[in-house]
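Engineer: One structure, pasted below without further comment.
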Amino acid sequence: MSSITLRRTAAAAAAVLVLSSTLSGSAFAVPDPKPRAAPSAQVLRVMSFNTWHGGNRVSNGIAKIADAITQAKADVVALQEHDGDSARRIADRLGWYTTATGTHVDIVSRYPFEKTDRTSTGNGVTAAKIKGFWVYSVHFDYTKYGPYNACWDNDSYATIHADEANRSKQAKEVVSWAGSSPAIIAGDFNSPSHLDWTADTKAAHCDSVVQWPATKAFSDSGYRDSYREVHPDEAAQPGNTWSPVVKSTGGRPEPQDRIDFIKYRGGTLDAVSSTTVGGGANWPSDHMAVLTTFTY
């Protein structure tokens, strides 16, 4: 999400005071994923991480981001909302490889890249081929945020869908650009999931059931939602990633939602564990990260 949106205003700014403590000890909890993999399976741990302007909103931001990645034991990280050369600085601190495009989406990896690619479609996408799989980092449009329409404005279903048109278009562009190769697409969609806003969760979502088109575009194209695949009960395990920091905006409760995703399709990929990562005084972002363990 962008700093221009309401979610970057007073509530987020005040939270910097909490997040700006010095880096020491464990910043957050990373649950033991206990993957269901056979011992002989190869494993790839992929993280999606909106870095809140490359760690610039907290003290020691780059160090805290690198520490979060290290503690999560991630192998590949799709970065969103990073500024300037922060991807390179994060990679340098980890001793990793990076696409370092200088845009708002990049990838850092402990493994070398076989190929890299970049497109301006889909609001900008950076891709890298790692271990035979294409990994994509995406960050969709933040404007006309759907939960505000549903929860604050009580908009009709038709209005909500109309306002999602740009994100829906970007999602379809990414699916088209990715083609038919096995792929992992990770990022900040700035949209909830149609798998979450269901009849069973209406009470948590302003009494609304919404088929959010950005996530549905991926499902309709054969992509699987790694977190929801591992945690199929959306009521018991919502997996919210927005926001560990922003709980109210303008005196109104901030809708809490799962808006960061790791989608995948094709090949021998199988999601065997998935969790949200973040929280605590040293966490450097206003989003939770998502961490999925794949076998292949």
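Laboratory data are not the source of any read-out in this text; all were calculated from the coordinates shown. Small disclaimer: the values here were computed from a predicted structure and weren't measured. Because the Cβ atoms are built from the backbone with ideal geometry, glycine has one as well, and the counts that use them run over all protein chains shown.
Engineer: Given LYS131/LYS169; LYS216/LYS263; LYS73/LYS131; LYS129/LYS263; LYS115/LYS216; LYS169/LYS216, which pairs have Cα atoms separated by over 19 Å? Walk me through the numbers before you get to the answer.
Structural biologist: Values: LYS131/LYS169 29 Å; LYS216/LYS263 11 Å; LYS73/LYS131 17 Å; LYS129/LYS263 16 Å; LYS115/LYS216 28 Å; LYS169/LYS216 12 Å.
Violating the 19 Å limit, Cα to Cα: LYS131/LYS169; LYS115/LYS216.
Engineer: Quick one: go through segment 158-197 and flag any residue whose amide nitrogen is under 20 Å from the point 7 Å out along the Cα-to-Cβ line of ALA41.
Structural biologist: Once the point is set 7 Å along Cα→Cβ of ALA41, 182-186 turn out to lie under 20 Å by backbone N, inside segment 158-197.
Engineer: Divide by every residue of the chain the summed helix terms, -39500 (n - 2.57) for each DSSP H run of at least 4, and state the resulting mean residue ellipticity at 222 nm, rounded to the nearest 500 deg cm²/dmol.
Structural biologist: Working: 8 runs with 71 residues, N = 296.
After summing the helix terms and dividing by the residues of the chain, the value is -6500 deg cm²/dmol.
Engineer: Can you compute the modelled spin-label distance between LYS129 and LYS202, with each label point 7 Å from Cα toward Cβ, in nm?
Structural biologist: Spacing of the two 7 Å Cα→Cβ label points: 4.9 nm.
Engineer: Net charge around ALA150, counting only other residues with Cβ within less than 12 Å of its Cβ (Lys, Arg = +1; Asp, Glu = -1)? Don't skip to the end; give the middle numbers.
Structural biologist: On the way: positive: LYS144, LYS202; negative: ASP153, ASP155, ASP163, GLU164, ASP207, ASP257.
Summing Lys and Arg as +1 and Asp and Glu as -1 gives -4.
Engineer: Using alpha-carbon positions, what is the distance between the centroids of segment 45-80 and segment 190-259, in Å?
Structural biologist: 22 Å
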